[in-house]
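Read the figures in this text as sums done on the coordinates, not as results from a lab. Small disclaimer: the values here were computed from a predicted structure and weren't measured. For neighbour counting, all protein chains shown are included, and Cβ atoms are generated from backbone atoms with ideal geometry for every residue, glycine included.
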Amino acid sequence: MAKIFKKCLIIGLGLVFFLAFYPVRLTQYFCDRLFAKNTASYTGFADVFAEVFYSAEEALKILLPDTQDIKEETRTLNEDQKKSIAKQAEIQFDPEFDKEFHFYIGQSNGQITCYVAENTVKGKWGPIHYMLALEPDGKIKDVLILELKEKRGRPVKEARFLSQFFGKTIDSPIKLNKDIKGISGATISSRGMSNGIRKLVYVFNEVYKK
Amino acid sequence: MFLMKYIKNEESLACHCESANVSMADEAISKQARDKLRDEGSVKRLHYLMDTFLSIEVFYADEDKAPPFPEKERDKAKEVVEKAFREAARIEGVLTRFREDSQIYRINNYSFGKPCVITKELANLISTCIEFSKKAGGAFDITVAPLMELWANAAKQNIIPLPNELSSLLQNTGYENIILDSESSTIVFTKSLLKIDFGAVGKGYALDRIAEILKENRIEKARLDFGGHLYYFDNSELDTEYIGIRNPMSCEEIIFSIPLENRSISTSANYERHFNIQGKRYGHIINLLSGFPVDNRIASVSVISPSALEADILSTAFFALGLDKGMQLIKNTNEAEAIIVTDNNGKPQLYFSQNYEGGGDAA
């Protein structure tokens, strides 16, 4: 009997607490939602995608279209060479990616037609793996990207600033979190990429033109 | 009090987890499906050109056909894409002012006082640019190069250019100092320091040419992205592709999305390319009337037009002109529409040109 009474008491107490606090919880929930809408702006996090565009063989086929023979060479630079290049080109060598430099030399009829350098630089959201084709005199022929990490923006969840329109109002339904692949914006600049290209041109001159 | 806090935390935690899970799952499925489709019906390639990334994605398979698609078609599509890249590289080689073998380098250095012969293609492009310069009242001008060089040097030395330096250079700029003879394709500069820069035009022109090449090779659907300047075309017009416009205030967000079909969108803004002098930030677009980098309330201008070249030129001109005059400029064009984001005390605010009817979503 006492056991049943105790159980009833616990359940009763629980019920009382539940009923007493439930409105608090409810109001808090709504407060939270209202609050979030008014002040907290969602950061609209972006996802990072890795994309592969060319395989190495495919890229070489494109950069060295009519060569009969492709020779592969790996070159390393000593510290002095690295220092002087870094100073001249105003770049820094990456200890991870610039240990050695990979070159492909395209030859046809015994004549070198094109050099291709393979390298990786740090981009805004991840490494950019690319190939640079140089003519024997050091002129840049082409740069293609083998692999790249790309960030795709997510829509902003907050639409508060859209209350004022100039001209026509837009009355189509709002689509949140819609998958958007193409993004228009100011012309993308990649310092990593332009520095990387300059670096390879200097390395090429150091290794093959001396 | 403690209990309340606890409950609140629990509640918000539960909410977050749930929403995150759902969106993640949705995302994963749609991504998988999309990747599968893309793998088997399209080719996407990326090159580094004109100091930015050019990506070309072409769809070679009919939408109603089921995979697997023949290997032959894929190879053909790959070839066409490479052809398009070669064209873009060729255009860069013609229009760059930094390479000694380019036509622009030649006329920049040797065409003061004596006529230089240029290709028909370049003559047409220059005359188009001059027409737009007239329309924009000089706010857009390809002869901005001397000022750009001045500001680039100023940024290196960290000093603001002197007013008399600016005014003497301003006298040496201006499209009216180019004398172009379209019939014989010759060009003469009447000012010794005049130089041409195609930075604001090159990408648009290249996109138009690439689109032509793809269409010639019977590619019906393609998405081109030249470092943020997009051009999508699609003959079937079945599903509309939505594209986003970057939020200039925080660049990883999208501020607005619009459907893009057989048109091009170009955005001019300062958040990617700018320089600092003595702690002050300057944008890369220079106002040719004052000689100073543009500094107004506009955060970004996106112009949508069937011609990528026009979109490129108009977005730059709009940015330099400011909101009211820019709106007038868009009004005077046939098909162009504009979406403008202004800086309203650190918050973005959207404006649309009067003729804007593209629909779209507040993202």
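Each residue, B:Lys156 and A:Ile140, gets one label point 7 Å from its Cα in the Cβ direction; the gap between the two is 1.7 nm.
Once you wrap a convex hull around the alpha carbon atoms of segment B:198-338, what is its projected area averaged over all directions, in nm²? Could the numbers behind the result be given before it?
Working: hull surface 37.3 nm².
Average of the hull's projected areas for segment B:198-338 equals 9.3 nm².
Ordering A:Lys122, B:Lys120 by the number of other Cβ atoms within 10 Å of each residue's own Cβ, fewest first, gives B:Lys120, A:Lys122. List every residue whose amide H lies under 5 Å from the amide H of B:Asn296, counting only residues 5 or more places away in sequence or on a different chain, with H placed 1.01 Å from N in the peptide plane. Excluding prolines and chain starts, which carry no amide H, there are no hits.
Within the shell defined by Cβ-Cβ distances under 11 Å, the residues around B:Ile187 carry a net charge of +1, with Lys and Arg each +1 and Asp and Glu each -1.
Please work out the FRET efficiency for the pair B:Arg218 and B:Glu241, using the Cβ-Cβ distance as r and a Förster radius of 22 Å; give the result to the nearest 0.05. Working from the Cβ atoms, E equals 0.60.
Among A:Trp125, B:Trp151, which comes first, second and so on when ranked by fewest other beta-carbon atoms within 10 Å? Don't skip to the end; give the middle numbers.
Numbers: A:Trp125 15, B:Trp151 22.
Ascending number of Cβ neighbours within 10 Å: A:Trp125, B:Trp151.
Neighbours of A:Val201, meaning other residues whose beta-carbon lies under 11 angstrom from its beta-carbon, give a summed charge of +3 when Lys and Arg score +1 and Asp and Glu score -1.
Computed from label points 7 Å out along Cα-Cβ, the spacing between A:Tyr208 and A:Ala86 is 2.5 nm.
Calculate, for B:Glu100 and B:Lys347, the FRET efficiency according to 1/(1 + (r/R0)^6) with r their C-beta to C-beta distance and R0 45 Å; round to the nearest 0.05. Numbers along the way, then the final one.
Working: r = 47 Å, r/R0 = 1.05.
Computed FRET efficiency for B:Glu100 and B:Lys347 comes out at 0.45.
Ranked for footprinting exposure by Cβ neighbours inside 10 Å, fewest first, B:Glu73, B:Glu57 give B:Glu73, B:Glu57. Here the simple spin-label model places points 7 Å from the Cα toward Cβ, and for B:Ser184 and A:Ser55 these points are separated by 5.7 nm. The local environment of B:Thr52, defined by Cβ-Cβ distances under 12 Å, has a net charge of -1 under the rule Lys, Arg +1 and Asp, Glu -1.
On full extension, the segment bounded by A:Asn109 and A:Leu19 gains 23.3 nm, given 0.36 nm per residue less the C-alpha separation. The alpha carbon centroids of segment A:13-27 and segment B:194-230 are separated by 64 Å.
If R0 is 45 Å, what FRET efficiency do you get for B:Asn177 and A:Tyr29 from their C-beta distance, rounded to 0.05?
Values: r = 68 Å, r/R0 = 1.52.
E(calc), rounded to 0.05, equals 0.10.
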